[in-house]
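Engineer: My questions all concern the structure below.
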Amino acid sequence: MRNNNQTNNLIKWAIILGDFIALNVLLIAFFAWDSKMHLWSFDKGNVFHVVCNLALAIAEYRFYTVIHLRMVSSADILRRIVLLVVTQTIAAYLILKTVDHDLPVGFALLRVGTVYLVLQLVMRYLERYLVKFYRQSGGNTRCAIFVGSDPELNTLYHKLKEDPALGYKIMGYYADEDIEGNNGELVKLGTLKEFMEKLDCPQELVLGDEVYVCLPRREKETIRKISQMCDLNIKRFYYVQVSLETIGINLKKEFVDDVEVYTTHENPLQNPINKALKRLFDIALSIVFLIPTIIIFPFVYLIVKIQSPGPIFFKQLRTGLDGQNFYCYKFRSMYVNKEADTVQATKHDPRKFPFGSFMRKFNIDELPQFANVLIGNMSIVGPRPHMLEHTKQYSQLIDKYMVRHFVKPGVTGWAQVSGFRGETKELWQMEGRVKRDIWYMEHWTIWLDLRIIFLTFRKIFTQDKNAY
């Protein structure tokens, strides 16, 4: 484990060094080409340069990179990037104003900070790719063993193994019985009795860096002894709940005063502060997107009218927050037809007219939905609203389907940027969409919304194959 920690630290410090190199290259470029900074005196330029580096050191102390960690979300990486650059910019401004209150550095720092933020986003994306590639190639791996024969360990094994970027090597398991459904993929290292007999002599055990124990709770003395052994030998201990002791639903802990209770679904947007933050974000961004919508409206109106007689807007009742119906607006992309409220669009749908296909390919038809966002019956990010026929159909077929309506529907969503956009030909596709919608609801942060928006734009420019 020491080698893994050393490698992780090496990765972290290499990335921090890269941050300083990028900042200094950026500053040199600004002094060379920025029309205002180019005129600064040599002394003023030096002070600005030194202070910017000092401010970055302060920001790195609090918001250094976490991409070297295995279990880290992209939303957390994005959050730390933004906070790193914002902290660096503010700290530099305060230090420079302390040095010389009359220095006009506000707009210079704003320009540098904006470009540095974009540069950081690009760098982190490339750096994370390189870390994943390094681990997939066998470097910076982490070894783990399992204790127990419960099928939950087989599920955990596949989750760790199927993502090589995590860098896990599962050495095997100790149990009296074979793990059901293992099919020989996971090597049996010995019996539980043999494992317990060797606890006092850990040098005789194959331990690795982490130990995952999946035993019934009635074996608490055995579990406690294994945990103590891990502590003594500086091994990470994890307890995995056995499948027979679960009740078939995921429970989230909450408190009623000092009483601990559990609920089936955690929703951060029930918090009034989070709710207000998301609403302010929706209002600001919807106004930004409605401006170009108004500008292109005359051109869309003219072309739609030429190619397909009928209304410019397509409005459809869809299921929204708390199961309430609302009218969702789009630019009409199909000929007027009787199946609009019952049949999904398909790849080569004859109902689409040429400009309609173009609009759907580049999401132009979705732009009027920002009016829905401004009104308040939709959000920028959330589960995509479904037509009433689909709500009726899939609520009978998919467990927890209606749970997705605990939050406002969105113009884009986690399911859409993670491979579940467009036509749902088979039931498993809708099940996958619902699963991701509920995951989004339970893990919401403003950083996750920003990440989804970024991924949505990337899919537009890379021409998503499911956009039709």
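The values are calculated or read from the model by the stated rules, or taken from the named source; none is laboratory data. What you are looking at is a predicted structure, and each value in this text was computed from that prediction instead of being measured. Here the Cβ positions follow ideal geometry from the backbone for every residue, glycine too, while neighbour counts run over all protein chains shown. We work out accessible area using only protein heavy atoms, side chains counted, and drop any ligands, DNA or RNA first. Shrake-Rupley method; radii C 1.70, N 1.55, O 1.52, S 1.80 Å.
Engineer: Out of the range 353-382, which residues are in contact with a Ser or Thr (Cβ under 7 Å, 6 or more places away or on another chain) and among the basic types (Lys, Arg)?
Structural biologist: Listed by number, the list holds a single entry, Arg360.
Engineer: Right, next: Given the criteria among the β-branched types (Val, Ile, Thr), open to solvent by less than 80 Å² (accessible area, probe 1.4 Å), farther than 30 Å from Met441 by Cβ and modelled with pLDDT under 85, does Val213 qualify?
Structural biologist: no
Engineer: Moving to a separate point now. Give the range 33-51 a look and list any residue that's hydrophobic (A, V, I, L, M, F, W, C) and either free of Cβ contacts under 8 Å to residues at least 40 places away in the same chain or open to solvent by 50 Å² or more (accessible area, probe 1.4 Å) (or both), or say none.
Structural biologist: Residues satisfying the conditions are Trp33, Leu39, Trp40, Phe42, Val47, Val50.
Engineer: Are any of the residues in the range 445-454 free of Cβ contacts under 8 Å to residues at least 40 places away in the same chain and open to solvent by less than 50 Å² (accessible area, probe 1.4 Å)?
Structural biologist: There is no residue in the range 445-454 that is free of Cβ contacts under 8 Å to residues at least 40 places away in the same chain and open to solvent by less than 50 Å² (accessible area, probe 1.4 Å).
Engineer: Residues that are in contact with a Ser or Thr (Cβ under 8 Å, 6 or more places away or on another chain), modelled with pLDDT of 90 or more and under 30 Å from Phe353 (Cβ atoms): find the strands (runs of 3 or more DSSP E) completely inside the range 241-342 holding 1 or more of those.
Structural biologist: 313-319, 325-331
Engineer: Please go through the range 337-357 and pick out each residue that is among the charged types (D, E, K, R) and open to solvent by 20 Å² or more (accessible area, probe 1.4 Å).
Structural biologist: Lys338, Glu339, Asp341, Lys347, Arg351, Lys352
Engineer: Those residues that are among the charged types (D, E, K, R) and at pLDDT below 80, I need them from the range 198-210; list them, please.
Structural biologist: Lys198, Asp200, Glu204, Asp209, listed by residue number.
Engineer: Quick check on this structure: which one of Arg384, Arg360 is charged (D, E, K, R), open to solvent by 10 Å² or more (accessible area, probe 1.4 Å) and not in a helix (DSSP H, G or I)?
Structural biologist: Arg384
Engineer: Going through Lys188, Lys220, Lys225 one at a time, which residue ends up being open to solvent by 60 Å² or more (accessible area, probe 1.4 Å), modelled with pLDDT of 85 or more and under 22 Å from Arg142 (Cβ atoms)?
Structural biologist: Lys188
The rows are residues; the columns are (1) under 19 Å from Val66 (Cα atoms); (2) open to solvent by less than 50 Å² (accessible area, probe 1.4 Å); (3) modelled with pLDDT under 80; (4) acidic (Asp, Glu).
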| position | (1), (2), (3), (4) |
| --- | --- |
| Val118 | yes, no, no, no |
| Tyr125 | yes, no, no, no |
| Leu130 | yes, no, no, no |
| Phe133 | yes, no, yes, no |
| Gly139 | yes, yes, yes, no |
| Asn154 | no, yes, no, no |
| Leu160 | no, yes, yes, no |
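Engineer: What's the number of the condition Phe406 fails, among (1) open to solvent by 50 Å² or more (accessible area, probe 1.4 Å); (2) modelled with pLDDT of 90 or more?
Structural biologist: In the conditions (1) open to solvent by 50 Å² or more (accessible area, probe 1.4 Å); (2) modelled with pLDDT of 90 or more, Phe406 misses (2) alone.
Engineer: Let me ask you something else. So which of Val147, Val105 is of a type in the set (Val, Ile, Thr) and more than 30 Å from Glu197 (Cβ to Cβ)?
Structural biologist: Val105
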